[in-house]
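These notes are about the structure you will find just below.
Taken together, the values in this text are just the output of simple stated rules run on the coordinates, not laboratory data. This is a predicted model, so every value here is computed, not measured. A quick note on method: Cβ atoms are made from the backbone with ideal geometry, for glycine too, and the neighbour counts reach across all protein chains shown.
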Amino acid sequence: MTIDMLEEYYHTKKSLLRQCINISEEFLNSLENWELLPNIMSRREEAIQKLKQLEITTGKTAAAYLPPEKKRELDNLFGLILELDKDCACQIYTEQQNILCSLKRNIKEQKLMQYAQVNQPEQGKVFDYKK
């Protein structure tokens, strides 16, 4: 494996990992805007597929010859992506719990409103009236 191929592999992988980080940050910032999420996820999936393809074509041999500092840098980028994914999962869970609480509160309020709408008639017979 030549030095040029190693450098190309390293820079391509680093670029794709940075792209994944940017997409993950965009995803994290767009959690409240659900309409944008499918587009963001498809872009992320494309970047992941490119990473997989890169690993399939040159990954094992190139990774073996990379200097330790470059391996460490790539590992740090992976770690950052994993941390962003954890943050996204936590925020999604929190948002899900907020929505569930809101739905429960809304249902409870609707039931109370239905009970409040049953008024005693102002005219006519009352229920305990005896003939």
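Find how much the distance from Ala64 to Ala89 grows on full extension, using 0.36 nm per residue of separation minus their present alpha carbon separation; answer in nm with one decimal.
Details: separation 25, 0.36 × 25 = 9.00 nm, distance 3.26 nm.
5.7 nm is the gain from fully extending Ala64 to Ala89.
Helix-only estimate, please: 222 nm mean residue ellipticity of the chain, summing -39500 (n - 2.57) across DSSP H runs of length 4 or more and dividing by its residues, to the nearest 500. Don't skip to the end; give the middle numbers.
Values: 4 runs with 100 residues, N = 131.
Value at 222 nm, helices only: -27000 deg cm²/dmol.
Given the Cα-Cα distance of Cys101 and Trp34 and 0.36 nm per residue of separation, how much length would full extension add, in nm? Could the numbers behind the result be given before it?
Numbers: separation 67, 0.36 × 67 = 24.12 nm, distance 1.88 nm.
Here the segment from Cys101 to Trp34 would lengthen by 22.2 nm.
May I ask you to derive the relative contact order of the range 3-116, considering only C-alpha pairs under 8 Å and at least 6 residues apart, and to give it as an integer percent?
Relative contact order, the range 3-116: 39 percent.
Can you tell me how much longer the chain between Ile48 and Leu112 gets when fully stretched, taken as 0.36 nm per residue apart minus their C-alpha distance, in nm with one decimal? Write out the running numbers ahead of the final one.
Details: separation 64, 0.36 × 64 = 23.04 nm, distance 4.98 nm.
Computed gain between Ile48 and Leu112 is 18.1 nm.
What nm distance separates the two modelled labels at Asp75 and Thr57, each placed 7 Å from Cα along Cα→Cβ?
2.7 nm
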